[in-house]
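Q: What follows is a structure written as structure tokens; I'll ask about it next.
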Amino acid sequence: MNYHTSLKQLLSLIDFERPKNNINKAQYHLHRIEEILKKLGNPHLSTPTIHVAGTKGKGSTSAFISSLLSAQGYRVGLYTSPHLHTFRERIRIGFEPIPENKFADLVQQLWPLIKWTTENSLFGPPTTFEILTCMAFLYFKNSMTDYQVIEVGLGGRLDTTNIVNPEVCVLTPISLDHIEVLGDTLKAIAKEKAGIIKSDAIVVVSPQPIEAMEVFQETSRNKAVELISVDNIMSWTKTSHNHTGQKFVLQDNQGSHEYWIPLLGMHQIENACTAIASVKALKDKGHKINENNFPTGLKDVQWPGRLQVLNYKQRIFLVDSAHNESSIHRLIEAINTYFEFDKLIVLFGTLDRHDTAKMIKELSMASPEIIAVRSRHPMALPSDVIANQVKNEGLKVIYQSDSISKSINYALDRTMEGGLILGTGSLFIAAEILEVIENRQPELYPELETYGSFANKLL
């Protein structure tokens, strides 16, 4: 079996990221993943784990933690989702994606178990994300990793990854997102995220809205675990920046420390500080950590598609994966802080599960001209729907197209020296813009005729 065949097989399972049917909260549970992992010998329990949940910044924070641990000389498994350019990016050691042959071997190894579970389990057929998660745990175990950094896919309490027994639980900032599954208040969403808190773990919490912090504090008290509030134990100040990164000073009970990170935005400094607090929590639990290696870990982090600066045809082109109201707000704040420009043109596209109108309102703070675009993702809103919503919010639409490359060329034609072009609205818009600008070959996925076609075929 080659990589592309194995990927097609994996995507023939039920995929909650690319659904053909509506999904309800009842479809999320842990019974099936627990059953599958037990048959595999529980590989997820063989490696010390840092488990990361949150609405904003959980991927960046996971990347920072992985890089900080790698700088210690450790072999670190990193599991994140979704991906920019290839499914293999979701399963990494350090920042190196799983090789194609290893990916294919794991699918082949798991396929008999997938068939057995589909035909015999009381809990129904497995999902793409469940099998991908099993693959990650097996790969990390087989590769003899020292640590595994596991990012939650959705929520926390019922997320497929919530079967680990972590050393450290990390909770990044909470905001309203995926309200159809997680709830429509910050308190309800925080309760779902707090579901990752386990006994014997240290809980590290980024700066939070009061409603969310109260939930995390109560859950930690009930579990009798230590909670570390990052902004209570340290403070940070940005001291300089350019288009390649920024320098900041962190102040804690050990004094001042100056660091440089290759990511822009005050939120990325916050994520870096949360990662430092998380690795220090491992040290508190007796793990061997040398803080002198922190500068190397921070400067070596790789996390593209997040306020990434590209110099393309004598223009400054930004791509960012912001996909909800809060993340767009932070993005606009960062653009106003880090860049000077005469005019802002935004290539904007979203998925139909996003609150597009609220995102557009946040964009309006920068008075941009909008190019309405559509990504290849099957849940992407058509460009004409995006255009109508933009016009309804009083912004100017200068072009609309379902072609990212045509939209980029139009933006270039409309932008002179001193202008700024931004692509945002979803990770998939960011990915496709990067593919065009960096001349990357896209990894295309079969749009299967039925939802969970493998299960439907067997059952």
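No value in this document is a laboratory result; all are computed from the given coordinates. These numbers were taken from a predicted model, which means no experiment stands behind them. Glycine gets a Cβ as well: all are built from the backbone with ideal geometry, and neighbour counts include every protein chain shown.
Q: Too long at a 29 Å Cα-Cα cut-off: which of Lys58/Lys283; Lys56/Lys406; Lys299/Lys406; Lys223/Lys285?
A: Lys56/Lys406; Lys299/Lys406
Q: Could you please rank Val301, Val164, Val249, placing first whichever residue has the fewest other Cβ atoms within 10 Å of its Cβ?
A: Val249, Val164, Val301
Q: Another question, if that's okay. Suppose every K and R has +1 on its Cβ and every D and E has -1 on its Cβ; what is the size of the dipole of the chain about the Cα centre, in Debye to the nearest 20? Numbers along the way, then the final one.
A: Working: 46 positive and 50 negative charges, 119 e Å.
Here the size comes out at about 580 debye.
Q: Would you please give the residues with an amide H less than 5 Å from that of His241, counting only those at least 5 places away or on a separate chain, with H modeled from the backbone geometry?
A: Amide H neighbours of His241: Lys247.
Q: Taking the beta-carbon count within 10 Å as an exposure proxy, list His51, His329, His377 from fewest neighbours to most.
A: Values: His51 26, His329 18, His377 21.
In order of increasing Cβ crowding within 10 Å: His329, His377, His51.
Q: Taking the mean number of other Cβ atoms within 10 Å as a proxy for protection, how do you rank 221-228, 268-275 from highest to lowest?
A: Highest mean packing first, the order is 268-275, 221-228.
Q: Averaging sequence separations of C-alpha pairs under 8 Å and six or more residues apart, then dividing by the length of segment 345-387, give the relative contact order as a whole percent.
A: 53
Q: Hey, got the dipole for segment 308-437? About the Cα centre, +1 on K and R Cβ, -1 on D and E Cβ, debye to the nearest 20?
A: Roughly 160 debye, rounded to the nearest 20.
Q: Residue by residue through segment 244-252, which ³J(HN,Hα) values in whole Hz follow from phi under the Karplus form 6.51 cos²θ - 1.76 cosθ + 1.60 (θ = phi - 60°), with glycine and proline marked x?
A: 9, x, 8, 10, 9, 10, 9, 10, 9
Q: Next up: By count of other Cβ within 10 Å, fewest leading, how are Val52, Val309 ordered?
A: Taking fewest neighbouring Cβ atoms as first place, the list is Val309, Val52.
Q: Only Cα pairs under 8 Å and at least 6 apart count here; give the relative contact order of segment 10-165 as a rounded whole percent. Present the calculation step by step, with values, prior to reporting the outcome.
A: Values: 215 pairs, mean separation 62.7, N = 156.
Relative contact order here is 40 percent.
Q: May I ask you to list the aspartates and glutamates whose Cα is less than 17 Å away from that of Lys8, ignoring any residue fewer than eight positions away on the same chain?
A: Cα-Cα hits under 17 Å: Glu17, Glu89, Glu100, Asp105, Glu130, Glu443, Glu447, Glu449.
Q: Could you give each residue of segment 389-406 its phi-based ³J(HN,Hα) in whole Hz, using Karplus coefficients 6.51, -1.76, 1.60 with θ = phi - 60°, and x for Gly or Pro?
A: Once θ is set to phi - 60°, the couplings for segment 389-406 become 5, 4, 5, 4, 8, x, 9, 8, 9, 9, 6, 9, 6, 8, 10, 5, 5, 5 Hz.
Q: Given contacts defined as C-alpha pairs under 8 Å and at least six residues apart, what's the relative contact order of the chain, whole-number percent?
A: Normalised by residue count, the contact order of the chain is 17 percent.
Q: If you don't mind, there's one more thing I want to ask. Can you spot the aspartates and glutamates whose alpha carbon is less than 12 Å from Lys391's alpha carbon? Ignore those fewer than 8 places along the same chain.
A: Cα-Cα hits under 12 Å: Glu369.
Q: Restricting to DSSP loop positions (anything but H, G, I, E, B) with no more than 11 other Cβ atoms inside 10 Å of their own Cβ, which GluC sites (Glu not before Pro) remain in segment 308-380?
A: Numbers: sites: Glu325, Glu333, Glu340, Glu362, Glu369; in loops: Glu340.
In loop regions of segment 308-380 (DSSP not H, G, I, E or B), the sparsely surrounded GluC sites (Glu not before Pro) are Glu340.
Q: Then there's this: Does the chain classify as rounded, prolate or oblate by the C-alpha gyration tensor (a ≥ b ≥ c root eigenvalues; a/c under 1.5 gives rounded; else a/b over b/c gives prolate, otherwise oblate)?
A: oblate
Q: Test of understanding: express the Cα radius of gyration of segment 308-437 as a ratio to 2.2 N^0.38 Å, with N the residue count.
A: Details: Rg = 12.8 Å, N = 130, 2.2 N^0.38 = 14.0 Å.
Working it through for segment 308-437, the quotient is 0.92.
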